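Trainee: Have a look at this one.
What follows is calculated from the coordinates using simple rules that are stated; it is not laboratory data. In this text, all values refer to a predicted model and were calculated from it rather than measured experimentally. Because the Cβ atoms are built from the backbone with ideal geometry, glycine has one as well, and the counts that use them run over all protein chains shown.
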């Protein structure tokens, strides 16, 4: 081939040129024709490497043959590729470990965004996808939680928060607590307030006792690890807390001293001019008007509450400390006094049900009766074995109109508060104990629901009515139960066959439906304090759980469900009673605990209360029964009011609302008004644009409920502490009811009183807190004190005003470690001396001890 031919051939593009492949047809398929490609090196200036192709013309061939040739051809080789160094093999992008991510989030509370984490571990490009997946896994397991856009460990402090100064020690250090804190995360953490010095001290004011301030969380200085969880620096001083501090005035020359009832606060001094006429031993409300870095704060008396030795002083402490409204304004009392009794001649669409023998069954000392019941076999032939159950509830909406002074005060209170020595009602007695109370033999307006149940206890249908009723009898729980058990009296004898036995038969039917629904069944007895006429404690008893209690409870639950179903069907706004399922973090903690007892708790599947019931059934009548019941209770979420329905986990119900106690709960009054309006009973339903306020109202009444529970629990603790004050040195049998790093809470079997055993007093070993096993474990001996253990203790100190007891442990702990073995994790080990105790070592500062529980109908 001459030079011209070679140039023409080189200039002519080959079929595969520019497409990254060379045609090389199989000889058998194209009849021997093919293209031969030869790579030739040609000399170029500067030793450049090029390609030239020698080829001969390819005869025409079929489209199929061309496609086959292209598919089978090897990649075209470029000589320039041979000059490049080989590429390194592709590797997966590096990601931080789970432990490293958790450590970073815990140690850097202000840098918890995904961008912060990626920057800290130098994660970029495709590796960000893996990091995002890792964070979602940690969040799904409950190891971290998302607040706005930041990730944090559960119970972690936000980078900026509002704090309140709660104490100052003898060395002048100021301590604060977060103003808002989730109770599920335990007691509020104690925070050391860093006070600026030098030039910065003039620019940043120092907060005093009771002051609130905006703060930034920082690192805790060395040496404060045992006294505080973190340090905070003041950003801005906010308004002083308006409410006073409650304490006992002790007379001194030239004035007096205030001994606060709260363990969180230190003593204060009062000048004579600021004593406000207080006498020695008076309960007073004070405010701090001067507080320096050193010395006791100076206070002034705002109000004299009464003598600390008076009959109702203990409950008054809780009322003031928790800011519970207890005095009705004149306008509210005037409206209640002027309210006329509702009659059948009014303009309401009210039915006359006075001939139906409805009865009230309540505690023997109850004064407000807001529910009555009746039951009878269903006469409908299509429902053999079924029952008709009627629940009538006091018609409070007929007296308390929206926007009235009565209504505003009821919303402010949220609910009635029940102390052993008094009741702080939501409504004045004229309404709660008279016009609305379903008194025996007196005509009273009510809202009733008639429910039809089949033989298996499942509700088939229901209907609401606005009625006038007349209670056939006022019965106590024990009285009604005694009649069923064969011990009738003058009142129950004529009621036994026509009224009481049908009620118990209906309850047996409803129990079948309850069993198939499988609500959470916890077995934790409650204590009741019985007082003498002078207001001191006579005895503490464990309330017996009768079938009469269960009967009323189940009928109230069914009435509440019917109310929620009716309002939801009518698309009416309402406040649901919701109870969320336990958080993933609490479930994981419960699972770890149960594993130490060889009890399995599945990770997968739809979580139902029946899962917990299965565990409780396995330990029933064993030495661990009480312990497991306590731990299961602590794993549960707290019920609340919410306009958004998420169901009630504990009762295993899809929809639930409180309807049966409008005299003592504002949530029930809302439901009554909604029913009256949507069913056309009267125009006194919910006001216009009420739905816009529903979320705020639900939050307010949920907070009021928690406030009432706290006040009731504090009062019982103070009463029992005063009762035991003269028994110092006595020995008691009890059960470990709470375990913390600082020590043990022990509940006495005799009285149900809770006291504290500091970890430093347990023995000569170093005791480490094992959170998984709910135990303190000796790091050398393995001696173990675990939640639920029965122990003997000696009472060594009592603080009646604080409601605090301190015990000395007399029993030895278990030998070796609790089930599951193994030493505590490295981060769990610690000295036997935990965080500081409160005044005179009575308990951890700011600790309320093990959580209490209140049972309410529905």
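Trainee: Taking R0 as 30 Å, what's the FRET efficiency between residue 608 and residue 463 from their Cβ-Cβ distance, rounded to 0.05?
Mentor: 0.50
Trainee: I need to check one value: relative contact order of the range 245-310, counting alpha carbon pairs closer than 8 Å and at least 6 residues apart, in percent. Show your work: numbers first, answer last.
Mentor: On the way: 153 pairs, mean separation 20.8, N = 66.
Worked out over the range 245-310, it gives 32 percent.
Trainee: In percent, how large is the relative contact order of the range 98-152, given Cα pairs closer than 8 Å and 6 or more residues apart?
Mentor: Reported relative contact order: 43 percent.
Trainee: Here's something else I'd like to know. Could you give the Stokes-Einstein D for the range 245-310 in µm² per second, using the C-alpha Kirkwood radius, 4 °C, 1.567 mPa s?
Mentor: Result for D is 113 µm²/s.
Trainee: Could you put 615, 663 in order, starting from the residue whose Cβ has the fewest other Cβ atoms within 10 Å?
Mentor: Fewest-to-most Cβ neighbours within 10 Å comes out as 615, 663.
Trainee: Run the numbers for residue 219 and residue 491: contour at 0.36 nm per residue of separation, minus the present Cα-Cα distance, in nm. Working shown, then result.
Mentor: On the way: separation 272, 0.36 × 272 = 97.92 nm, distance 6.98 nm.
Length difference between fully extended and current span is 90.9 nm.
Trainee: Given N residues in the range 581-636, what is Rg(Cα) / (2.2 N^0.38 Å)?
Mentor: Compared with the compact-globule rule of thumb, the range 581-636 sits at 1.03.
Trainee: Separate question: With r defined as the distance between the Cβ atoms of residue 323 and residue 355 and R0 fixed at 56 Å, what FRET efficiency is calculated, to the nearest 0.05? Provide the component values of the computation, followed by the final result.
Mentor: On the way: r = 47 Å, r/R0 = 0.84.
My answer for the efficiency is 0.75.
Trainee: Let me know the shape class of the range 717-776, please: from the alpha-carbon gyration tensor, a ≥ b ≥ c as square roots of the eigenvalues, rounded when a/c is under 1.5, otherwise prolate if a/b is greater than b/c, or oblate.
Mentor: prolate
Trainee: May I have the pair-distance distribution P(r) for the range 98-152, computed from all Cα-Cα distances with 10 Å bins from 0 and rounded to whole percent?
Mentor: 25, 64, 11
Trainee: Within 10 Å of each residue's Cβ, count the other Cβ atoms and sort 495, 302, 191 from fewest upward.
Mentor: 302, 495, 191
Trainee: Rounded, prolate or oblate for the range 494-652? Axes are the square roots of the Cα gyration tensor eigenvalues, ordered a ≥ b ≥ c, and the cut-off for rounded is a/c under 1.5.
Mentor: oblate
Trainee: Hey, fewest Cβ within 10 Å first, where do 603, 474 land in order? Can you show the working numbers first?
Mentor: Numbers: 603 9, 474 20.
Taking fewest neighbouring Cβ atoms as first place, the list is 603, 474.
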